[in-house]
Amino acid sequence: MEARDHEIEKELAATLQARGELGPEYESALIDSFLEKVEQRLDATMDRRVRRHLAEQQVTAARDPRSVRPPSAAGAPPGLGERFGFGVVSLVLAVPLSAIGVVNAGIEGLVATWLGIVGVNAVHAARSGGLFRQRERRAAPASEWRE
């Protein structure tokens with residue numbers, strides 16, 4: 001285990017001890033406080049990783065500027081982040097929209113809501129080329145080294 005794991009374990013133990021001393025009425029505040037500390041640790045870890053990755057890219061670019069390629073040339077399909085984000089957002093919004101549909105129109109409202117969600121995602125995928133790029137990518141050689 002790393003030192004950070006021990007720090008989190010200590011924080012959890014302190015939170016549990018405080019809950020035992022203060023009682024269940026302070027439970028939500030204690031949990032929020034603990035989760036905030038965990039989130040701060042995660043943010044700090046991610047910041048360090050991003051800074052390290054950017055520094056590595058800068059060093060690589062300084063050594064050989066021709067070696068730096070845009071993400072789409074490095075293997076990630078263009079627009080993948082946008083399509084993934086759109087899908088995630090539509091699923092997150094699907095929960096309250098489904099509840100509204102069921103409350104207002106019963107099962108018919110739920111079906112109509114999901115048909116709308118699927119329709120919007122299908123149109124977005126078709127417009128961004130997501131339905132047809134897979135075939136084009138498979139036809140291309142897997143490596144730049146092959147002739």
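Answer yes or no as to whether E56 is open to solvent by 100 Å² or more (accessible area, probe 1.4 Å) and at pLDDT below 85. When the stated conditions are applied, E56 does not pass them. So, in segment 86-112, exactly how many residues are closer than 16 Å to V123 by Cα and surrounded by 13 or more Cβ atoms within 10 Å (Cβ to Cβ)? Within segment 86-112, residues that are closer than 16 Å to V123 by Cα and surrounded by 13 or more Cβ atoms within 10 Å (Cβ to Cβ) number 3.
If you check P78, P65, which single one turns out to be touching a Pro at 6+ places or on another chain (Cβ under 9 Å) and either open to solvent by 60 Å² or more (accessible area, probe 1.4 Å) or at pLDDT 85 or above (or both)? P78 is the lone residue from the list that is touching a Pro at 6+ places or on another chain (Cβ under 9 Å) and either open to solvent by 60 Å² or more (accessible area, probe 1.4 Å) or at pLDDT 85 or above (or both). Per this entry, I8 is counted among residues that are surrounded by 10 or more Cβ atoms within 10 Å (Cβ to Cβ), at pLDDT below 85 and part of a helix (DSSP H, G or I).
The values are calculated or read from the model by the stated rules, or taken from the named source; none is laboratory data. Small disclaimer: the values here were computed from a predicted structure and weren't measured. Don't worry about glycine lacking a Cβ; one is built from the backbone with ideal geometry, like all the others, and counts go over all protein chains shown. Side chains included, ligands, DNA and RNA excluded: accessible areas come from the protein's heavy atoms. Shrake-Rupley method; radii C 1.70, N 1.55, O 1.52, S 1.80 Å.
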